[in-house]
Every structure is written in C-alpha cells, then in structure tokens.
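The values are calculated or read from the model by the stated rules, or taken from the named source; none is laboratory data. Keep in mind it's a predicted model, so treat the numbers as computed, not measured. Note: ideal-geometry Cβ built from the backbone for every residue, glycine included; neighbour counts use all protein chains shown. Ligands, DNA and RNA are stripped out before the accessible areas are found, and what is left, the full protein with its side chains, is counted by its heavy atoms. Shrake-Rupley method; radii C 1.70, N 1.55, O 1.52, S 1.80 Å.
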Amino acid sequence: MSNKFKAVVIDNQNEKFTREIKEIDQNDLKDGNVLVKIDYSSLNYKDALILNNGGKIVRKFPFVPGIDFSGKVVESEDSKFKKDDHVILTGFRVGEAYFGGFSQFAKVESNFLIKTPKELDNHKAMMLGTAGFTALLCAFAVKAREDLLLGEKVKDVLVTGATGGVGSIAIMILSKMGYDVHAVTGKKDKHEYLKNLGAKNILDRKDFEGESKLLEKGIWDGVVDTVGGPALTKILAQTKSTGIVAACGNAGGIKINTTVMPFIIRGVKLWGIDSSAASIARRVFVWNEASKLIDFEKLKTFTKELTFKELLETYPKLLKGEYFGRAIVNPNK
Ligand SMILES: NC(=O)c1ccc[n+]([C@@H]2O[C@H](COP(=O)([O-])OP(=O)(O)OC[C@H]3O[C@@H](n4cnc5c(N)ncnc54)[C@H](OP(=O)(O)O)[C@@H]3O)[C@@H](O)[C@H]2O)c1
C-alpha cells in the first residue's frame, strides 16, 4: 500500500478549531496492533459533537475522529486476526482517544475488534454502526423484562428521539420483536416515516417537556430513551410497574430530577447503556442477532452515503436535531 492516505483531521491550535480532509501517513497511526483498510464509517451524535469543537471529548490534537468503522485487516500482530478478515469496530474510545474511522486506514487493538458476522457485510454493519448497535443493546434491555426477569410480557414501548439514528433503528427492532412502539419526535413532517419503520403511535416531543408529578399514570412497559433531561424524568414517572427504561442518550439534556418513587413503588428499572464499553462476548452476541431483527432493505431507504466533504457539511444538522435517519461515510469515494 502507499503510505499516504486520506483522513478527516481536526485540530485546535491557538484556540482555533479546524476540520480538514488531509493526506496523512501510516506512521501517524501510533496505537494498536491491527491495521485495517476501512470500507465504511458512520456519523453518530458523538461524532458530530467531536467534529464541532472536540466536544470536550477529544483532548489531543491533531486528531482523526470517527467512533466506528468496518473494514478488512491489512496486517495483524495478533493471530486472532489475519489478512482480509472483515472486521467491525465500535467504541472503546476509538475516535475519542485513539485515531478513528474517518480515514482510509486505522490501527487499533485486536481486542477492540470483532469479525463481521457471515449474515452481514461491512456495508450493512455501518448502516447500523454505533447507533444500531446501541439500539440493539437498548431493545435487549427492554426485552429482559420478560425473559431475564420472567416478568410480564412487554407490550407498549416508548422510543424518544425517534427520527435519530438510535431511535429509528430501535423502532424497527422493537416492532420486529412484536411490541407496540410509541415514537416521540419533534419533527411534524416525519410521522409517515416513523409509521413506515413500524411505529404504531406518534407522540409530540412537547408532551415530555416541563415538570412531572412524582408518579403519573403508568403507561410504558419499556422505554428506549435517547434524549435524557426533563423527558427522562417524566418517562420514569410514566413507566408501569416493573417496566425497564433503557437510557442511552442526552440529546435533550444531561440532568434528571427524579425521585425514588418510580423505583420503590413500581420497581421501575433504569438500565444505563454504554455501548462503547460493551464486552466482546456481548458484541458478538448482539451483532449476530442483527440480521434477524433488521430489515436492511428498509434501513437502506433512510441511510445516506456521504463522502468526507459531505460529512463535514452534514454533521451540524445532527447537532441542531434537523437530521433524520442514518449517515454512512465512505472514505474511498
Ligand atoms: N450510550 C451509548 O452507548 C450511546 C451510543 C450511541 C448514541 N448515544 C447517544 O444517543 C443519543 C442519540 O444518538 P443518535 O446518534 O441517534 O443521534 P441523532 O441521530 O442526532 O438523533 C437524536 C434525536 O434526538 C432528538 N433530539 C434532538 N435534539 C433534541 C432536544 N433538544 N430535545 C429532545 N430531543 C432532541 C431528535 O429526534 P426527533 O426530532 O425525532 O425528536 C434527533 O433526531 C445521543 O445523545 C448520543 O450521544 C449513546
């Protein structure tokens, strides 16, 4: 291979934040023991924060962002991986502390990687990306009410930030699992889109703003919350006895102002999701379930493929909550 390749590079010199498409060198990839030629990466909310100004997440500059990728092994110092193996990476602080996926090549630790399941391919893997993997983790958390806790059957599941990457894919998965999905969105023009994904009912984001009572009418057996903040406070008060709230996001705020009442009166479970630190065993299980739960033809209809240039034009829309669906990044276009 040529030692030079293309990457998105962010920098912060003299308090001036920049993001550029640059040629970098293989010697710039300092970490890891597996070199991967990247097929695809994807754009997630955290990537948008980092591309904007580092998001108080990236501390060393210049830096190559991109929190996920799929690709083929070029060379590996670990015998678990060999040349041309197809691999997936999400999280493990890649794209935050280690150079990431907005690049034609990446070098990472072998224990951050899993092999792409046979039922998927590298394009499908990044149509899902971190957002899809997180949606799967959240859906399995909600399902745990019936299979792990042997509780009541899950029926009504709420999904917030419904038109976002995690939200959209969560709707597909939960409806495939047989649940009635209630989608919360701030986008009035995307109701048809959400119904087409499998949402049974659409709720306005405004209904989840403002103060909530200690306990409200219990409505939700399960919740996938990508929004956090006051919405999560209200959601906890509206969750039915023994319901599970899978909380993964903060698109609407980081503070929750709840009481013990949902937990001690209704046995509500607040299940935090951190996809970045999921164990390899969990990753292998979840990625292998993906092909059974995802309609990839449908996913394709709300996934845009972006060049690096388009990525830099698109990320601000995510931060403003104006984007919907998924964006896959092709570094080789
Ligand atoms: N814990 C983890 O492992 C993990 C992994 C992936 C993502 N996340 C987090 O999950 C969240 C969603 O990620 P994503 O990639 O799906 O992002 P995304 O595509 O930008 O979706 C976020 C959605 O949230 C809604 N939203 C935006 N601003 C809002 C506001 N101020 N108040 C209420 N709702 C708002 C919008 O949906 P509507 O217009 O439909 O309401 C938006 O589409 C982010 O906070 C992200 O950091 C966490």
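Rounded to the nearest 500, what is the 222 nm mean residue ellipticity of the chain from helices alone, with -39500 (n - 2.57) per DSSP H run of 4+ residues and division by all residues?
Computed ellipticity for the chain at 222 nm equals -9000 deg cm²/dmol.
Within segment 44-80, whose backbone N sits under 19 Å from a point 7 Å along Cα→Cβ of Glu305?
Zone members listed by number: 44, 68-72.
Of all beta bridges DSSP finds with both residues in the chain, what is the antiparallel percent, to the nearest 5?
DSSP beta bridges in the chain are roughly 55 percent antiparallel.
Provide, as a two-decimal number, the C-alpha radius of gyration of segment 209-333 over 2.2 N^0.38 Å, N being how many residues it has.
1.31
Stick to Cα atoms and the Kirkwood definition of Rh, then tell me Rg/Rh for segment 1-129.
The Rg/Rh ratio comes out at 0.96.
Normalised by the number of residues in segment 131-275, what is the relative contact order in percent for Cα pairs under 8 Å and 6+ residues apart?
24 percent
What ³J(HN,Hα) values, in whole Hz, does the Karplus curve 6.51 cos²θ - 1.76 cosθ + 1.60 give for segment 140-151 when θ = phi - 60°, with x put for Gly and Pro?
Using θ = phi - 60°, the values come out as 5, 5, 5, 5, 4, 4, 8, 9, 7, 8, 6, x Hz.
Show me 323-330, 207-214, 296-303 ranked by packing, highest mean number of other Cβ atoms within 10 Å first.
Those peptides, ordered most packed to least, come out 323-330, 296-303, 207-214.
Using just the alpha carbons, could you tell me how many Å³ per residue the convex hull of segment 125-208 encloses?
It comes to 92 Å³ per residue, whole-number rounded.
Zone of Thr242 (label point 7 Å along Cα→Cβ, backbone N under 17 Å): which residues in segment 120-161?
Zone members listed by number: 141-157.
Taking amide H atoms as placed 1.01 Å from N in the peptide plane, list the residues 5 or more away in sequence, or in a different chain, whose amide H sits under 5 Å from that of Glu75.
Leu35
Of all the accessible heavy-atom surface of segment 131-275, with the other protein chains kept in place and a 1.4 Å probe, what percent is carbon and sulfur?
So the carbon and sulfur contribution to the accessible surface is 55 percent.
Please report, largest first and rounded to whole Å, the three semi-axes of the ellipsoid equivalent to the chain, where each semi-axis is the square root of five times an eigenvalue of the C-alpha gyration tensor.
Those come to 35, 21, 18 Å.
For the pair Glu75 and Asp121, how long in nm is the line joining their label points, each one 7 Å along Cα→Cβ?
Placing both labels 7 Å beyond Cα along the Cβ direction yields 2.9 nm.
State the dimensionless ratio Rg/Rh of segment 292-332 (Rg: radius of gyration of Cα atoms; Rh: Kirkwood radius).
The Rg/Rh ratio comes out at 1.04.
Between Ile219 and Glu109, what is the FRET efficiency for a Förster distance of 41 Å, r being their Cβ-Cβ separation, to the nearest 0.05?
Working from the Cβ atoms, E equals 0.40.
Just grab the label-to-label distance for Lys176 and Glu297, each label 7 Å out from Cα along the Cβ direction, in nm (one decimal).
1.4 nm
When the convex hull of the C-alpha atoms of segment 131-275 is computed, what volume per residue in Å³ does it have?
Given the Cα convex hull of segment 131-275, per-residue volume reads 92 Å³.
Highest GNM mean-square fluctuation, the chain, Cα pairs closer than 10 Å: which of Glu75, Glu192, Glu15?
Highest fluctuation of the listed residues: Glu15.
Taking Cα pairs under 8 Å and at least six residues apart, what relative contact order does segment 1-117 come out at, in percent?
Reported relative contact order: 31 percent.
Evaluate the distance, in nm, between pseudo-label points positioned 7 Å from the Cα of Ile21 and of Glu192 along their respective Cα→Cβ axes.
3.3 nm
Using the heavy atoms of the protein chains alone and a 1.4 angstrom probe, what is the accessible area of the chain per residue in square angstrom?
On a per-residue basis, 45 Å².
As an exercise, use a Förster radius of 45 Å and the Cβ-Cβ distance of Lys30 and Glu289 to find the FRET efficiency, rounded to the nearest 0.05.
Step by step, r from the Cβ atoms, then E = 0.85.
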